[in-house]
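This report refers to the structure that appears directly beneath it.
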Amino acid sequence: MAEYNRVSECVGLITLRNPPVNALSAAVRQGIVDTVERALSDPNVKSVVICGQNGIFCGGADIKEFGSKMTGPPLIPMIHAIESANKPVVAAIEGSALGGGLELALGCHYRIAHSKARLGLPEVSLGLLPAAGGSQRLPRLIGVPAALNLITTGRHVTAAEALQLGIVDQVTDHNTVDAAVKFALSVAGRSLDPRRISTHPCPQQPDLDALFEEVMQKVRQSARGAIAPIACVQAVRAAATLPYAQGMERERELMATLFTSGQARALQYCFFAERAVGRWRMPSGARWDTSKPRPVHKAAVIGLGTMGRGITVALAQTGLSVIAVETQEKQLMEAKQAISGMLERGAKRRGVAPALDRVIYSQNIQAVADVDLVIEAVFEDIALKTKVFQQLSAVCKPGTLLCTNTSALDVDQLASETPNPELVVGMHFFAPAHVMKLLEVVYGPRSSPQAVATAMQLGKKMGKASVAVGNCRGFVGNRMLKPYIEEAFFLLEEGATPELVDQALEEFGFSMGVFRMSDLSGLDVGWRVRKGDGLVEPGTASGRSARIRQGRRYSPLGDLLCEEGRFGQKTGRGWYQYDKPGSRVARSDPWLHSFLGAYRAQHGLVARRIDHQEVLERCLYALINEGFHILDDGIAAGPEDIDVIYVSGYGWPRHRGGPMFYANMVGLAKVLERLEHYQQLHPEVPHLQPSSLLRRLVASGSPPIHKWGEVIKKLHSQL
Ligand code: NAI
């Protein structure tokens, strides 16, 4: 787990060996302790180099060990022993030094990094802080402001930035271990006192109190209820104001609080869930490990509106050649300009050349004849999409995968209109497609496992959280959103305001409440869908019957706003008012409040006081309940799939783990009881009727989330 060699006669070389990232498991820690001791006690050894095998220094703690009892030597004394060694210890950083890996390097006296290496303390993203001295050493090394930035965001820095910040002493383009050995020889015998970071105070910082106050305020705002970033600030404050030993004590206390918090559990669950969704499986039995993806070098995008532009950028940035097709000349010109701008800005951010020449524009669908995969993003119109798919089937070379970005249309229906339905899948991106992390890969009963594997692999290459889901109205994300939005409308009818509902949801941790979000994406989008469903009845019919449509409770509030031309931000008016169309700052609108008052009066509704708890229970439990239906229907393979979709695409607070994890934390019996309670009060609302899976889970003693699969499987095998 840590191999020892003597090189250049007097350098002890310690190599961490724990693939894939040389995580600091108990065995690795033991190996380091033993080999360091050996190097220090060998009189022929003048200096020591620590490196990792396979071009990676160390990816940090072994997160799989978090849940179990600690064994092996603890990290803090191990790093301390390295720092207090009487021979220089040099970290040779290749690949990455993250979390505990960087903390280990900070305990070394010198750090040499390869130019392609990345360094960081990402513990905050797992609900923790760098608690092996990282929160105390880094500010001492690079100063409080820079350390606060790195520790509270968890961001990784390049070797060049690490050199500039003073985290590393040297960057090399050549063999890092060789450079480190050479360096170790050159510093042998020098005094080590100035190199022991823990023995120094933090660099002087004027007006420390004001700095911490400002940072704390910023962090609180962006944390949206997450506690780890706040603890990180407190730990760095301890580094800046207390002697090292007391700072370490504070670091330990803060870590103990975080470690046992539900948030750390939720964040670690997300970490594993994101990996689990890559191991997709379909009800047919097809799986990720038995389905081989086809290579995709050249792709096409059809329709260069909002979505097509972002998809083109995402594909080109991944290194693919893209044929971008748009029938309207004016749209094509605008799209070309917009896509080039996005590619240039993206390239500038990443310090690479823009991939402008990877995109070829055309008004003619014939141009896609030799592509490996097509993503269609024309208007949401089944007749138009069917026509496009038929054209594509005639034009494309055999075997080209045909993907649709539809948000709600039936992927099976589209597939059945083509000669090769096995080549059809949905690739449901989210706007803006080159930024948003989520991709739903929608398979139908006839989609081939190879088609799903190809779309999943492409999603992964694009850096998306790709989740394979079955075909149904709204797929997973939008299907669950429907009852959530409907409950929000009902709450307005019963006496709430958009401000109250949004505040409750934003305090819960959503980046945006349902009404602010709806203003952002445009109220007309849902209006068009409801019209298509025959739900919209223009006019001002009053009374209870006007609010029952297709046999269930319906709120026409959104339709009435659209009839007024209030489409949200784009028109400057929606659930809120904005300074001008396109402006983003939502302000409370007195018109809306009197409109709600008049609406209630017209429909004989009496406003009552609604508290945040009711908002959360009605909106979130309705959404979660739909999630159980989705699991029951086999549309999502497991709760992780739903949770990844919500965390990466719908602004669900990551520190609450996703809706299904949240239900598990709240307690399934409680969720069931509250749904039953609200269902009794609102019997005309079917989505409040608890799902049979939820009932089954509660009847089976509410097993923990990783065991839900057994109950679902049992249920399916009995069907
Ligand atoms: P859009 O209206 O902005 O763009 C559609 C584009 O397709 C237009 O530029 C139009 O000229 C072009 N087009 C129409 N027929 C064409 C044809 N035969 N060949 C080539 N181009 C053609 O629409 P948007 O918002 O980009 O949506 C596209 C698809 O993506 C829809 O199915 C929509 O439901 C879906 N979607 C939209 C999301 C959004 O937030 N806007 C999110 C996820 C999916």
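The values are calculated or read from the model by the stated rules, or taken from the named source; none is laboratory data. Keep in mind that this is a model prediction, so the values were computed, not measured. Positions of Cβ are generated from backbone atoms using ideal geometry, with glycine treated the same way; all protein chains shown enter the neighbour counts. Calculation scope for accessible area: heavy atoms of the full protein, side chains included, ligands and nucleic acids excluded. Shrake-Rupley method; radii C 1.70, N 1.55, O 1.52, S 1.80 Å.
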Worksheet item: Within the range 169-182, can you find the residues that are open to solvent by 50 Å² or more (accessible area, probe 1.4 Å) and small (Gly, Ala, Ser)?
Response: none
Worksheet item: modelled with pLDDT under 95, under 33 Å from the mean Cα position of the chain (by Cα) and open to solvent by less than 60 Å² (accessible area, probe 1.4 Å): does that describe GLY247?
Response: no
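Could you tell me which of the residues VAL313, VAL325 is over 25 Å from LEU520 (Cβ atoms) and within 15 Å of the ligand (Cβ to nearest atom)? Working first, answer last.
Values: VAL313 fails: over 25 Å from LEU520 (Cβ atoms).
Being over 25 Å from LEU520 (Cβ atoms) and within 15 Å of the ligand (Cβ to nearest atom) holds for just one of VAL313, VAL325, which is VAL325.
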Worksheet entry | Leading residue by the ranking (nearest to ARG549 (Cα to Cα)) among those in the range 474-510 that are part of a loop (DSSP other than H, G, I, E, B) and within 16 Å of the ligand (Cβ to nearest atom) | GLY474
Worksheet item: In the range 254-274, what count of residues is obtained for those that are out of contact with any helix residue (DSSP H, G or I) (no Cβ under 9 Å at 6 or more places or on another chain), outside any loop (DSSP other than H, G, I, E, B) and open to solvent by 80 Å² or more (accessible area, probe 1.4 Å)?
Response: 1
Discussion item. Can you tell me which of (1) within 11 Å of the ligand (Cβ to nearest atom); (2) at pLDDT 95 or above is the one LEU320 doesn't meet?
Written reply: (1)
Discussion item. Being among the aliphatic types (A, V, I, L, M), within 10 Å of the ligand (Cβ to nearest atom) and closer than 27 Å to GLY319 by Cβ: is that true of ILE375 here?
Written reply: yes
Worksheet item: If you take the residues in the range 407-423 that are of a type outside the set (Gly, Ala, Ser) and within 21 Å of LEU481 (Cβ to Cβ), which one is nearest to the ligand (Cβ to nearest atom)?
Response: LEU409
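Any residue that is under 20 Å from ALA504 (Cα atoms) and of a type outside the set (Asp, Glu) - is there at least one of those in the range 682-703? Write out each step before concluding.
Filtering the range 682-703 down to residues under 20 Å from ALA504 (Cα atoms) leaves 688.
Going one step further and asking which of them are of a type outside the set (Asp, Glu), we end up with 688.
There is at least one residue in the range 682-703 that is under 20 Å from ALA504 (Cα atoms) and of a type outside the set (Asp, Glu).
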Worksheet, complete the sentence: Note on the range 22-56: residues over 22 Å from ALA179 (Cβ atoms), open to solvent by less than 20 Å² (accessible area, probe 1.4 Å) and in contact with a Lys or Arg (Cβ under 9 Å, 6 or more places away or on another chain) are ALA23, SER25, VAL28, GLY31
Worksheet item: Residues GLY166, GLY154: which one is touching a Cys at 6+ places or on another chain (Cβ under 9 Å) and either surrounded by fewer than 14 Cβ atoms within 10 Å (Cβ to Cβ) or within 22 Å of ALA117 (Cβ to Cβ) (or both)?
Response: GLY154
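Do you know which of the residues in the range 430-453 that are out of contact with any His (no Cβ under 9 Å at 6 or more places or on another chain) and within 18 Å of SER521 (Cα to Cα) is surrounded by the most Cβ atoms within 10 Å (Cβ to Cβ)? Before the answer, list the steps.
First pass over the range 430-453, keeping only residues out of contact with any His (no Cβ under 9 Å at 6 or more places or on another chain): 430-437, 443-453.
Adding the requirement that they be within 18 Å of SER521 (Cα to Cα) leaves 430-437.
Numbers: PHE430: 21, ALA431: 14, PRO432: 15, ALA433: 27, HIS434: 21, VAL435: 12, MET436: 16, LYS437: 15.
Residue satisfying both the conditions and the ranking: ALA433.
So how many residues does the range 424-437 have that are near the ligand (Cβ under 10 Å from one of its atoms) and in a strand (DSSP E or B)? Write out each step before concluding.
Our first condition is that a residue be near the ligand (Cβ under 10 Å from one of its atoms); within the range 424-437, this holds for 426-433, 436.
Next, only the ones that are in a strand (DSSP E or B) stay: 426-429.
Qualifying residue count, the range 424-437: 4.
Can you confirm whether LYS670 is exposed (fewer than 14 other Cβ atoms within 10 Å of the Cβ), free of Cβ contacts under 8 Å to residues at least 40 places away in the same chain and among the basic types (Lys, Arg)? Give the steps one after another, and end with the answer.
Details: exposed (fewer than 14 other Cβ atoms within 10 Å of the Cβ): no; free of Cβ contacts under 8 Å to residues at least 40 places away in the same chain: yes; among the basic types (Lys, Arg): yes.
So LYS670 does not fit the description; no.
Condition first: hydroxyl-bearing (Ser, Thr, Tyr) and modelled with pLDDT of 95 or more. Can you find one or more residues in the range 705-718 that meet it? Full working, then the answer.
Of all residues in the range 705-718, those hydroxyl-bearing (Ser, Thr, Tyr) come to 717.
Cutting the leftovers down to modelled with pLDDT of 95 or more gives us none.
No; the residues of the range 705-718 include none that is hydroxyl-bearing (Ser, Thr, Tyr) and modelled with pLDDT of 95 or more.
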Worksheet entry | Unmet requirement for GLU640, which otherwise passes all of (1) at pLDDT below 95; (2) in a helix (DSSP H, G or I) | (1)
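Looking only at the range 405-417, decide whether some residue is in a loop (DSSP other than H, G, I, E, B), over 22 Å from ASP641 (Cβ atoms) and over 30 Å from the mean Cα position of the chain (by Cα). I'd like the intermediate steps shown before the answer.
Looking only at the range 405-417, we keep the residues that are in a loop (DSSP other than H, G, I, E, B), and these are 405-410, 417.
Subsequent filtering for residues that are over 22 Å from ASP641 (Cβ atoms) retains 417.
When the remaining residues are screened for being over 30 Å from the mean Cα position of the chain (by Cα), the result is 417.
Yes, some residue in the range 405-417 is in a loop (DSSP other than H, G, I, E, B), over 22 Å from ASP641 (Cβ atoms) and over 30 Å from the mean Cα position of the chain (by Cα).
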Discussion item. Given the criteria assigned to a loop (DSSP other than H, G, I, E, B), buried (at least 19 other Cβ atoms within 10 Å of the Cβ), away from the ligand (no atom under 16 Å from the Cβ) and not hydrophobic (A, V, I, L, M, F, W, C), does SER284 qualify?
Written reply: no
Worksheet item: Would it be correct to say that SER340 is surrounded by 14 or more Cβ atoms within 10 Å (Cβ to Cβ) and over 25 Å from HIS428 (Cβ atoms)?
Response: yes
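Filter the range 558-588 down to the residues that are under 25 Å from LEU535 (Cβ atoms) and among the acidic types (Asp, Glu), then identify the one that is most open to solvent (accessible area, probe 1.4 Å).
First pass over the range 558-588, keeping only residues under 25 Å from LEU535 (Cβ atoms): 558-571, 573-576.
Filter again for among the acidic types (Asp, Glu), leaving 559, 563-564.
Working: ASP559: 4, GLU563: 86, GLU564: 115 Å².
So the residue we want is GLU564.
For residues in the range 335-350 being of a type in the set (Gly, Ala, Ser) and more than 16 Å from the ligand (Cβ to nearest atom), which is nearest to the chain's Cα centre (by Cα)? Please lay out each step first, then the result.
Initial filter on the range 335-350 (of a type in the set (Gly, Ala, Ser)): 335, 338, 340-341, 346-347.
Checking the rest, the ones that are also more than 16 Å from the ligand (Cβ to nearest atom) come to 340-341, 346-347.
Details: SER340: 26, GLY341: 25, GLY346: 19, ALA347: 22 Å.
My answer is GLY346.
Being assigned to a loop (DSSP other than H, G, I, E, B) and open to solvent by 40 Å² or more (accessible area, probe 1.4 Å) is the filter here; which residues of the range 205-244 pass it? So that I can check it myself, show each step before the final result.
Narrowing the range 205-244 to residues assigned to a loop (DSSP other than H, G, I, E, B): 205-207, 224-227, 242-243.
Listed by number, the residues that qualify are GLN205, PRO206, ASP207, ARG224, GLY225, ILE227, LEU242, PRO243.
Can you say whether ASP643 is of a type in the set (D, E, K, R) and surrounded by fewer than 21 Cβ atoms within 10 Å (Cβ to Cβ), as far as the supplied structure shows? It would help to see each step written out before you state the result.
Numbers: of a type in the set (D, E, K, R): yes; surrounded by fewer than 21 Cβ atoms within 10 Å (Cβ to Cβ): no.
Judged against the criteria, ASP643 is not a match.
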